[in-house]
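Engineer: Quick one: structure below, then a few questions.
The values are calculated or read from the model by the stated rules, or taken from the named source; none is laboratory data. It should be emphasised that the depicted structure is a prediction, and the values quoted were computed from it without experimental measurement. Ideal geometry is used to build each Cβ from the backbone, glycine not excepted, and the neighbour counts take in all protein chains shown.
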Amino acid sequence: MANENQKDRAFLNTSHEQRITIADIDVTGRVVKWAICAIDAATGSFDPTLPVLEKTTATGGITIFAAAAAESTVDVLLMPADTVSLDAGNYHFQCEVFDGSGLNGVVVSTGKLTLVPNITETV
């Protein structure tokens, strides 16, 4: 069962870690994918075919923190370069677990990631 309507907040152009707990799925040997899509401020909807940022265990950005049959945990790491071209605002995120070949996905977490401006300091 997916953990839905999760909320997270991060600053643009900074590192951010999102820890996701996955119930009843052992992620050992599986592919975990995470993506965000911009939420339209006027309608509250998003286009699931237009992800603006994606991370996977296969290509990097997601680390398996703990894997177990009863509960697994993964960390999604956003680097400053990941958000440098994104606008402040709300984004829909989704985390999905696939078999070892990247097929047969199961959505395990969804929610809203709010990206907020970060002051650019000068020295």
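Engineer: Among the listed residues SER85, SER109, SER72, identify the single one that is among the small types (Gly, Ala, Ser) and farther than 20 Å from ASN3 by Cβ.
Structural biologist: None of the others qualify; the one that does is SER85.
Engineer: Name the residue, out of THR49, THR21, THR28, THR43, that is surrounded by fewer than 19 Cβ atoms within 10 Å (Cβ to Cβ), hydroxyl-bearing (Ser, Thr, Tyr) and part of a strand (DSSP E or B).
Structural biologist: None of the others qualify; the one that does is THR21.
Engineer: Do we have any residue at all in the stretch 13-27 that's in contact with a strand residue (DSSP E or B) (Cβ under 9 Å, 6 or more places away or on another chain), among the charged types (D, E, K, R) and either at positive phi or at pLDDT below 95 (or both)? Spell out how you get there, then give the answer.
Structural biologist: Taking the stretch 13-27 and keeping what is in contact with a strand residue (DSSP E or B) (Cβ under 9 Å, 6 or more places away or on another chain), we get 14-27.
Pick out the ones that are also among the charged types (D, E, K, R) and you get 17, 19, 24, 26.
Still in the list and also either at positive phi or at pLDDT below 95 (or both): 24, 26.
Yes, the stretch 13-27 contains a residue that is in contact with a strand residue (DSSP E or B) (Cβ under 9 Å, 6 or more places away or on another chain), among the charged types (D, E, K, R) and either at positive phi or at pLDDT below 95 (or both).
Engineer: Taking TRP34 and the conditions (1) assigned to a strand (DSSP E or B); (2) touching a Gly at 6+ places or on another chain (Cβ under 8 Å); (3) without any contact (Cβ under 8 Å) to a residue 60 or more places away in the chain; (4) of a type outside the set (Ser, Thr, Tyr), which numbered condition does it fall short on, given that it satisfies the others?
Structural biologist: (3)
Quick grid of which residues meet (1) surrounded by 15 or more Cβ atoms within 10 Å (Cβ to Cβ); (2) touching a residue at least 12 places away in the same chain (Cβ under 8 Å); (3) within 15 Å of the chain's Cα centre (by Cα); (4) within 22 Å of ASP24 (Cβ to Cβ):
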| position | (1), (2), (3), (4) |
| --- | --- |
| THR57 | yes, yes, yes, yes |
| GLY60 | no, no, yes, no |
| ALA69 | no, yes, no, yes |
| LEU78 | yes, yes, yes, no |
| ASP82 | yes, yes, yes, no |
| TYR91 | yes, yes, yes, no |
| VAL97 | yes, yes, yes, yes |
| GLY100 | no, yes, no, yes |
| THR110 | yes, yes, yes, yes |
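Engineer: Being without any contact (Cβ under 8 Å) to a residue 24 or more places away in the chain and within 16 Å of THR110 (Cβ to Cβ): is that true of ASP40 here? Break it down into steps so the answer makes sense when it comes.
Structural biologist: Numbers: without any contact (Cβ under 8 Å) to a residue 24 or more places away in the chain: yes; within 16 Å of THR110 (Cβ to Cβ): no.
Against the criterion (without any contact (Cβ under 8 Å) to a residue 24 or more places away in the chain and within 16 Å of THR110 (Cβ to Cβ)), ASP40 does not qualify.
Engineer: Report the residue count in the stretch 58-107 for those that are more than 22 Å from ASP47 (Cα to Cα), hydroxyl-bearing (Ser, Thr, Tyr) and either touching an Asp or Glu at 6+ places or on another chain (Cβ under 6 Å) or assigned to a strand (DSSP E or B) (or both).
Structural biologist: Within the stretch 58-107, residues that are more than 22 Å from ASP47 (Cα to Cα), hydroxyl-bearing (Ser, Thr, Tyr) and either touching an Asp or Glu at 6+ places or on another chain (Cβ under 6 Å) or assigned to a strand (DSSP E or B) (or both) number 3.
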